[in-house]
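Worksheet: the structure to be examined is printed underneath.
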Amino acid sequence: MKRVIKLALIISGLPIITAVFFWKTGYNPFTPFFSDWKFEKTVIAAEQDTNENPDIIQLKNGCLRLYSHGTMGSGGIMSIFSYSSCDGLNWKFEGKRIERAAMPAAILIEDGKVRIYFQRGAENDTRQVLMTAISDDGLNFKINETPLLITEEGELKDVKTITHLEIIKLNRGYRMYFDEDLKPTDFERYKNEKWTWPVWRIRSLYSEDGLHWNLEPGIRIDYEQEPLKYMQRAGSSTVIKDGNLYYMYFNAGFSPWEDLKWWKRFAWSGIYEAVSKDGLNWKIIDKNIFKYGSDPKIVKMEDGIRIYISEGDRVINSIESYIRK
């Protein structure tokens with residue numbers, strides 16, 4: 001009889017325990033069922049290493065061009081590749097665009113040319129440089145061999161890394177979002193901590209002409225910002241302006257191989273949404289929008305707003321398409 005009573009108490013307490021667990025971890029198993037996004041298809045299959053960290057621009061004819069990076073069997077040398085599509089769903093591989101380049105961010109400028117920004121390693125990859133190249137057709141680029149910015153120097157004197165670039169056109173000038181990679185020893189409050197895994201946060205640069213860039217003060221999305229207090233990483237952002245507001249989608253999470261608190265693993269690698277009136281001050285309004293995936297890229301199409309999500313292993317990933325319902 002006592003055993004039956006104990007079992008009944010355990011069963012009756014399960015809903016409360018489950019609710020506390022979900023509240024504590026931020027994990028929501030029902031997210032896919034109530035999402036505003038509908039899965040369309042895998043638009044680029046995981047067949048070759050050419051489609052990591054995608055960025056997409058809309059051409060004057062309404063078609064799209066996707067720039068990405070990968071190695072494609074080149075012995076580990078990163079290069080930028082491109083794909084094209086006129087419906088956003090069926091993409092054609094176009095080949096290599098720029099060698100020894102990573103983290104592409106492209107924009108169509110006033111004269112109809114395509115300007116692409118990318119990152120390169122410098123000084124035996126101990127530092128990073130922000131480079132740019134220009135193209136009349138979006139395929140053949142002329143590289144400006146003079147770096148626009150160098151980490152730990154000038155505007156980036158206190159910045160050690162600049163990755164996952166995202167550029168948007170403003171009413172006047174341009175803003176570039178990027179990830180800053182830090183370690184616990186970079187923070188006075190963590191100098192005595194034993195954990196060593198990297199920390200990511202999102203920062204931004206401003207330029208009036210797209211060539212001369214200034215670091216904007218403050219942090220756009222901080223890894224400690226609510227509701228990210230259990231995360232160590234926030235980055236790989238994509239930004240769009242819809243009406244009078246800016247919307248950002250970005251990755252937040254931690255590595256289950258780095259943090260041993262088991263309950264944190266249920267919130268691993270989610271894509272979050274933030275909103276801003278000025279593109280500088282952001283409020284996170286939704287989390288775990290997608291069950292899996294990384295490196296989101298959002299595009300406004302005639303048939304609605306579409307978001308592309310990278311999914312796969314650490315060697316080759318595919319790109320999937322979702323459209324807002």
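What are the residues in segment 189-219 that are touching a Lys or Arg at 6+ places or on another chain (Cβ under 7 Å), more than 27 Å from Glu110 (Cα to Cα) and either at pLDDT 80 or above or of a type in the set (Phe, Trp, Tyr) (or both), if any?
Selection gives Val199, Trp200, Ile202, Ile219.
For segment 154-185, how many residues are among the acidic types (Asp, Glu) and free of Cβ contacts under 8 Å to residues at least 24 places away in the same chain? Break it down stepwise before answering.
Initial filter on segment 154-185 (among the acidic types (Asp, Glu)): 155, 158, 166, 179-181.
So of that shortlist, the ones also free of Cβ contacts under 8 Å to residues at least 24 places away in the same chain come out as 158, 180-181.
So the answer is 3.
So which of Gly138, Gly73 is crowded, with 20+ Cβ neighbours inside 10 Å, assigned to a loop (DSSP other than H, G, I, E, B), in contact (Cβ under 8 Å) with a residue 12 or more places away in the chain and not hydrophobic (A, V, I, L, M, F, W, C)? Spell out the reasoning first.
Values: Gly73 fails: crowded, with 20+ Cβ neighbours inside 10 Å.
Going through Gly138, Gly73 in turn, the sole match is Gly138.
Mind checking which strands (runs of 3 or more DSSP E) fall wholly inside segment 201-253 and carry at least 2 residues that are under 30 Å from Gly304 (Cβ atoms)? Break it down stepwise before answering.
On the way: elements: 213-215, 233-242, 245-253.
Those strands (runs of 3 or more DSSP E) span 233-242, 245-253.
Residue by residue, here is whether (1) at pLDDT below 95; (2) part of a strand (DSSP E or B); (3) out of contact with any Leu (no Cβ under 8 Å at 6 or more places or on another chain); (4) closer than 30 Å to Ile305 by Cα holds:
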residue: Asn61; (1), (2), (3), (4): yes, no, yes, yes
residue: Ile77; (1), (2), (3), (4): yes, no, yes, no
residue: Phe93; (1), (2), (3), (4): no, yes, yes, yes
residue: Val129; (1), (2), (3), (4): no, yes, no, no
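Taking only segment 161-172 into account, find how many residues are of a type outside the set (Ser, Thr, Tyr) and buried (at least 16 other Cβ atoms within 10 Å of the Cβ). Let's see the steps before the verdict.
Taking segment 161-172 as the starting set, the residues that turn out to be of a type outside the set (Ser, Thr, Tyr) are 162, 164-172.
From the residues that got through so far, the ones that are buried (at least 16 other Cβ atoms within 10 Å of the Cβ) too are 162, 164-168.
Of the residues in segment 161-172, 6 are of a type outside the set (Ser, Thr, Tyr) and buried (at least 16 other Cβ atoms within 10 Å of the Cβ).
Failed condition for Leu148, given (1) touching a His at 6+ places or on another chain (Cβ under 9 Å); (2) modelled with pLDDT under 95, with all others met?
The single condition Leu148 does not satisfy is (2).
The values are calculated or read from the model by the stated rules, or taken from the named source; none is laboratory data. A quick note: this is a predicted structure, and the numbers were derived from the prediction, not measured. Neighbour counts are summed over all protein chains in view; Cβ atoms, including those assigned to glycine, are modelled from backbone coordinates with ideal geometry.
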